[in-house]
Amino acid sequence: MADDEPELDGEPTEADRIALAELILKLRSNGVRDRRVLGAIESIPRRLFLGSRHQALAYADRAMPIDCGQTISQPTIVAMMTEALEVEPHHRVLEVGTGSGYQAAVLARLASEVYTIERYRSLMRYAEDRFKALKLNNVRTRIGDGFEGWVEMSPFDRIIVTAAAEAVPPQLADQLGEGGIMVIPVGPSGAVQDLVKVTRLEGQLSESTLCAVRFVPMIHGVAEQL
């Protein structure tokens, strides 16, 4: 991404401010009500997480391509997933699928600690540069297999998965603490999937479907290159 990166220290333009204000209004109209979630999204400049070619659409409510065949989710989905997590300031959150780092940055405004896993080294380096520029010192990163989670740092209060699995991965479910919530897309690759909310209460897991989504597939292992 080196030849296609926006400046990390630039001030937002007036056009950025207007577009962001319009986006927040759209999120509200789409049913997002949590003020902390809306405030976190308002505080994170999405343009920093997109290549220079896509800057003009940084605050459009649409998914955008990033490197390694991955995407940055549309803001409505980011807001809905984040709201469904019900993150509190003392929570420790595991994110599976760092991508460009946008979702983790939003979570870092809400939680005590964010642990994020990515299988592509180049994407993680890109995200880490953004975390540093935004002074998000409560984000911990790891290159690894998302299906395995981050067992030595478990249990987590919240888990969010930003790629679709065929079923809820049991190793991730095992790392969800009592009273914990996981939000994950579940379904086949290349088709419409269900956004599922998993809750652990009294040791038992329950699932509910939030809406239909379409995410890139969750893949085992660490990418050998990139």
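Read-outs throughout are calculated quantities, based only on the coordinates presented, and are distinct from any laboratory measurement. Note that the coordinates shown come from a computational prediction; the quantities given were computed from them, not determined experimentally. Please note: Cβ atoms are built from the backbone with ideal geometry, for glycine as well, and neighbour counts cover all protein chains shown.
In what sequence do 156, 147, 131 fall when counting other Cβ within 10 Å, fewest first?
Least crowded to most crowded, the residues run 147, 131, 156.
In deg cm²/dmol and to the nearest 500, what is the mean residue ellipticity at 222 nm of the chain if only DSSP H runs of at least 4 residues count, each as -39500 (n - 2.57), divided by the residue total?
Computed mean residue ellipticity for the chain: -8000 deg cm²/dmol.
Between region 175-226 and region 52-118, how far is it from one alpha carbon centroid to the other, in angstrom?
Each part reduced to its Cα centre gives a spacing of 15 Å.
Calculated from the structure, P(r) over Cα pairs in 5 Å bins from 0, in percent equals which of (i) 1, 6, 10, 13, 12, 11, 11, 11, 10, 7, 5, 2, 1, 0; (ii) 1, 7, 14, 18, 19, 16, 12, 8, 4, 1, 0, 0; (iii) 1, 7, 16, 20, 22, 18, 10, 5, 1, 0, 0?
Working out P(r) over Cα pairs in 5 Å bins from 0, in percent from the coordinates points to (iii).
Given springs between every Cα pair under 10 Å in a Gaussian network model of the chain, which of 35, 125, 214 has the largest fluctuation?
35
Tell me, what is the percent relative contact order of the chain, built from C-alpha pairs under 8 Å that lie six or more residues apart?
Once divided by the residue count of the chain, the mean separation gives 16 percent.
Around residue 216, which amide H atoms from residues at least 5 apart in sequence, or from another chain, sit under 5 Å from its own amide H, with H modelled in the peptide plane?
Here 164 satisfy the definition.
Given the options 191, 205, 48, identify the residue whose Cα lies farthest towards the positive end of the charge dipole of region 12-213 (+1 on Cβ of Lys, Arg; -1 on Cβ of Asp, Glu).
Of the listed residues, the answer is 48.
What does the extension gain come out to for residue 125 and residue 36, with contour length at 0.36 nm per residue minus their alpha carbon separation?
Stretched fully, the residue 125-residue 36 segment lengthens by 29.3 nm.
For region 94-226, what relative contact order do you get, as a whole percent, if you take Cα pairs closer than 8 Å and at least 6 residues apart?
23 percent
Using amide H atoms built in the peptide plane, which far-off residues or other-chain residues are under 5 Å from residue 176 H to H?
156
Below 8 Å between Cα atoms, with a sequence gap of 6+, how large is the relative contact order for region 71-132 in percent?
34 percent
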